[in-house]
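K.L.:
What follows is a structure written as structure tokens; I'll ask about it next.
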Amino acid sequence: MSNVGSNNNKLVISESQLTEEQIKKVNQLRQDKGLSFLEAIQALGYRDPEIHAKKLAEQYSVPYLDLSQFKPDPSVLKLVSPKFCRTHKLIPVSKVGEKSIVVAFANPNDLALRGDLSSVTQKTIQAVVSSEVKIIEAIAQFYKPKRVSNKFEKQLKKEEIRTSTKVEVEGLNIDDVGESDAVVIKFVNSILAEAIQTKASDIHIEVYEKTARVRLRIDGKLQERLHPPKSAASSIASRIKIMSKLDIAEKRRPQDGRLKVRRSSGKEVDFRVSVVPVLFGEKIVMRLLDQSNLIADLNDLYLSDGELSLIKDSISKPQGMVLMTGPTGSGKTTTIYSILDEINTKEINISTAEDPVEYNLMGINQVQVNSEIGFNFSDALRSFLRQDPDVIMVGEIRDRETAEISFKAASTGHLVVSTLHTNDSVSTVTRLVDIGVPPYMVSEVLTLVIAQRLVRKNCSSCSQPHQVEEEALLELGVKKEELPLYNNLQKGVGCSKCNNSGYKGRMPIFEILQMTTALRRAIILEKTNAELKSIAKKSGLITLRSSALSRLKEGYTTIEEVVNSSISDEGLDEH
């Protein structure tokens, strides 16, 4: 491209018949002001840049277009961003059928630029020549900044008043942007700030045919916050992509990224970003990963003395398999990190394979798997076994290969901790067999299975005594003789601190399956899931429903949360 530029300058000099002294002044002005050669010539009043544009058109056999006499097609302007146009001194002007567009270039001989533009627009490019000055003027005239609606600005002001937390996006600021861009930037920052302030776990930004909306998942439930205008949805998506270092031009495929913000206190918060194309735009979900919210102490997880003892006993063993199970968002990651923190000492080598690495843990070797380059959980496991490990954490057992390597490691002197997606603890056993792990190996190697869910806690600021009909408690599985124990039930009535929901924060409930002799024998005999659960319950298994009822009895949560978080144990004793 430098040769092309040099040729263009010679052409200008020839056409304008500039003297050597004039050339020196042009170059000095370019250096002082950062101008192009043509802009410097025009600033000094040496010549009309249109002469040069016409000469270029003649030289390269390309039509000349006087942009001052032509109005570009608005539908074509949408194909190329104003930033791209300004950077490369070009502007799209019209359509030619469905597959081609006409683009005005200041430099019609830059074939690489034409190729890039064709990739961006997915169109064949037909070039015309216009002067650089008129292209810049046309960009300023026809790419007018989109004004966000007054309603959007009012929503933003309301949001900023309500949000006391301020955030600064790492490496980004709002200097040198237009008024409309600044409003979008502030709007996005305010969403991030409110998510941090309300301790939301996720932000959902959705776009529909005529509107858009922002929802926050707070204490496990999605809550609508704002309805920005549909016209602002694309700008919001682009801003978040820029922050997450994603491709803003790619709108046809899903993208994953990460962004970091700094709170006013100086603490940093990570957001895991997922962008997926939908019918009317792009759906964005951002998972909040706030290190300060991570509970990495088993003693703070509301475990009973018996449950805590079971877990600590299992993870103190030099080998074996400890599995966590539950759906996405059930708190498995927090519990696993708490387990690793419990055994994280200077004498133990701990390695983890995660997808993604959500929190940074000091003293633990954390590896990010990447399926796009063929580096998966099984590959990480093989590498770990050559790294002299004591404890291995596998983010998830998804397939037979990962399961086989994990169980082999757990049977040869390593403690392996991992997760599996099943409905309860006992289902984990049958799921492993279905994946392809032999029943005898499951029986021999599996040490402990922890099924987990989260229930919303009553707001401590507005919680009040709450009476519940005995019939309702009996239907939940409470035994008749235990009804007097449920005399301290509480329920939040709603206040400003809990956004009038009655709930503030969440707490886990657990179903911890200990491998007893009877259970190991039943696994080898390939008993059904119901039979295994009945045997486990006779051996003292505290089910998810029983754990939820304990939280209810202690006044932590409500009947509604018990029903939503667990299934009935009815019929378990019949086997």
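K.L.:
If you check Gly326 against the conditions, is it within 23 Å of Leu259 (Cα to Cα) and either open to solvent by less than 30 Å² (accessible area, probe 1.4 Å) or of a type in the set (Ser, Thr, Tyr) (or both)? Steps first, answer last, please.
P.N.:
On the way: within 23 Å of Leu259 (Cα to Cα): no; either open to solvent by less than 30 Å² (accessible area, probe 1.4 Å) or of a type in the set (Ser, Thr, Tyr) (or both): yes.
Criteria not met by Gly326.
K.L.:
For Ala112, indicate whether it is surrounded by fewer than 16 Cβ atoms within 10 Å (Cβ to Cβ), assigned to a helix (DSSP H, G or I) and out of contact with any Asp or Glu (no Cβ under 6 Å at 6 or more places or on another chain). Walk me through it before giving the result.
P.N.:
Numbers: surrounded by fewer than 16 Cβ atoms within 10 Å (Cβ to Cβ): yes; assigned to a helix (DSSP H, G or I): yes; out of contact with any Asp or Glu (no Cβ under 6 Å at 6 or more places or on another chain): yes.
Yes; evaluated as a whole, the condition is true for this residue.
K.L.:
Of the residues Val76, Val102, Val80, which is part of a strand (DSSP E or B) and at pLDDT 70 or above? Spell out how you get there, then give the answer.
P.N.:
Working: Val76 fails: part of a strand (DSSP E or B); Val80 fails: part of a strand (DSSP E or B).
After ruling out the rest, the residue left standing is Val102.
K.L.:
Let me ask another. Between residues in the range 61-72 that are under 13 Å from Ile91 (Cβ atoms) and residues that are among the small types (Gly, Ala, Ser), which pairs lie under 6 Å by C-beta distance while being six or more apart or on different chains?
P.N.:
Hits for this filter: Leu65/Ala104; Leu65/Ser130; Leu67/Ser130; Leu67/Ala138.
K.L.:
Please go through the range 543-571 and give me each residue that is within 20 Å of Ile512 (Cβ to Cβ), at pLDDT below 90 and either open to solvent by 20 Å² or more (accessible area, probe 1.4 Å) or touching a Pro at 6+ places or on another chain (Cβ under 8 Å) (or both), ordered by number.
P.N.:
Of everything in the range 543-571, those that are within 20 Å of Ile512 (Cβ to Cβ), at pLDDT below 90 and either open to solvent by 20 Å² or more (accessible area, probe 1.4 Å) or touching a Pro at 6+ places or on another chain (Cβ under 8 Å) (or both) turn out to be Ile567, Ser568, Asp569.
K.L.:
Among the residues of the range 182-202, are any open to solvent by 70 Å² or more (accessible area, probe 1.4 Å), of a type in the set (Phe, Trp, Tyr) and at pLDDT 60 or above?
P.N.:
Within the range 182-202 (the criterion being open to solvent by 70 Å² or more (accessible area, probe 1.4 Å), of a type in the set (Phe, Trp, Tyr) and at pLDDT 60 or above), the answer is no, since none of the residues qualifies.
K.L.:
If you don't mind, there's one more thing I want to ask. Taking the range 454-492 as the region of interest, how many residues are within 23 Å of Glu511 (Cα to Cα) and part of a strand (DSSP E or B)?
P.N.:
Looking only at that region, the number is 5.
K.L.:
Something else: Please pick out the residue among Lys527, Lys504, Lys497, Lys537 that is in contact (Cβ under 8 Å) with a residue 24 or more places away in the chain, surrounded by 19 or more Cβ atoms within 10 Å (Cβ to Cβ) and either in a helix (DSSP H, G or I) or not β-branched (Val, Ile, Thr) (or both). Show your work before the answer.
P.N.:
Working: Lys527 fails: in contact (Cβ under 8 Å) with a residue 24 or more places away in the chain; Lys497 fails: surrounded by 19 or more Cβ atoms within 10 Å (Cβ to Cβ); Lys537 fails: surrounded by 19 or more Cβ atoms within 10 Å (Cβ to Cβ).
Testing whether each residue is in contact (Cβ under 8 Å) with a residue 24 or more places away in the chain, surrounded by 19 or more Cβ atoms within 10 Å (Cβ to Cβ) and either in a helix (DSSP H, G or I) or not β-branched (Val, Ile, Thr) (or both) leaves just Lys504.
The values are calculated or read from the model by the stated rules, or taken from the named source; none is laboratory data. This one's a predicted model, so the numbers in the text were calculated from it and none came from an experiment. So basically every Cβ, Gly included, is an ideal-geometry build from the backbone, and we count neighbours across all protein chains shown. Calculation scope for accessible area: heavy atoms of the full protein, side chains included, ligands and nucleic acids excluded. Shrake-Rupley method; radii C 1.70, N 1.55, O 1.52, S 1.80 Å.
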